[in-house]
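Asks: Below are the structure tokens for one structure; questions will follow.
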């Protein structure tokens, strides 16, 4: 009886062919992300009409430290977010671009549209994170909660100043704004077990990072203003930057820009210089949004075309 050679029995089993790469499916998350990207591009093109680059260029300072301060203030939010999600998800470097788009979407479109975009970005990367909604939600809620906490502390410290300046802030409106901040913060704390999904150590880490972001933004804005008008002491710019943050967080306060302008003139003086400085800073921030928005939109267009 014939038998197979013994060497044939020792041959290794055949290796299966590797599975083909699966192309990214264009589901709801993909279309929502693409739609937000297109909306950001439209908002960028629309806002271009309101920027006078000639006037802004004439007002720009030449001190290189100004650009360091401005860059630190502008990028503090996406950098802090990157540090947060690096710890939560080990987010790749590409996530920083998504976080920049999150910032620009919130500023040029509407509040929290950036969180929606970032959620869709994370959702499409299921290999990185399986359930991104809970973390994005917790980070957004803690951002608002820490902002409210800082607002209440600053309001308690600044109330005598605001009351003595007669800036047109009605006591009833101020109290209603404080009530809104207190009620929303209290509800978050009351239902924290139902609202938050991250473990306690992560929640404490995220809260601390948000406080660091607020401190960096406030301090770097004051530094940048001081470099433009060095004749005004840095301590006054720090106070003014803190007051600006306070006014921006009070929800029912009308004419916030007018109130801030009156506060700035009272604290710093130089009313004409203050007006020029604030105009220049607003234009520079908008121009930065537009430049980065165009760059990110161009990158998205390339990816969509390649897909």
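The values are calculated or read from the model by the stated rules, or taken from the named source; none is laboratory data. Keep in mind that what you see is a predicted model, and the values were worked out from it rather than measured. FYI the Cβ positions are ideal-geometry reconstructions off the backbone, even for glycines, and counts take in every protein chain you see.
Asks: Of everything in region 178-187 that's within 23 Å of the chain's Cα centre (by Cα) and buried (at least 16 other Cβ atoms within 10 Å of the Cβ), which residue is modelled with the lowest pLDDT?
Replies: 181
Asks: Could you tell me whether region 286-298 includes any residue that is more than 25 Å from residue 108 (Cβ to Cβ), part of a helix (DSSP H, G or I) and modelled with pLDDT under 80?
Replies: There is no residue in region 286-298 that is more than 25 Å from residue 108 (Cβ to Cβ), part of a helix (DSSP H, G or I) and modelled with pLDDT under 80.
Asks: Return yes when residue 149 is touching a residue at least 12 places away in the same chain (Cβ under 8 Å) and within 16 Å of residue 209 (Cα to Cα) and no when it is not.
Replies: On the way: touching a residue at least 12 places away in the same chain (Cβ under 8 Å): yes; within 16 Å of residue 209 (Cα to Cα): yes.
Considered against the rule, which asks whether it is touching a residue at least 12 places away in the same chain (Cβ under 8 Å) and within 16 Å of residue 209 (Cα to Cα), residue 149 comes out as yes.
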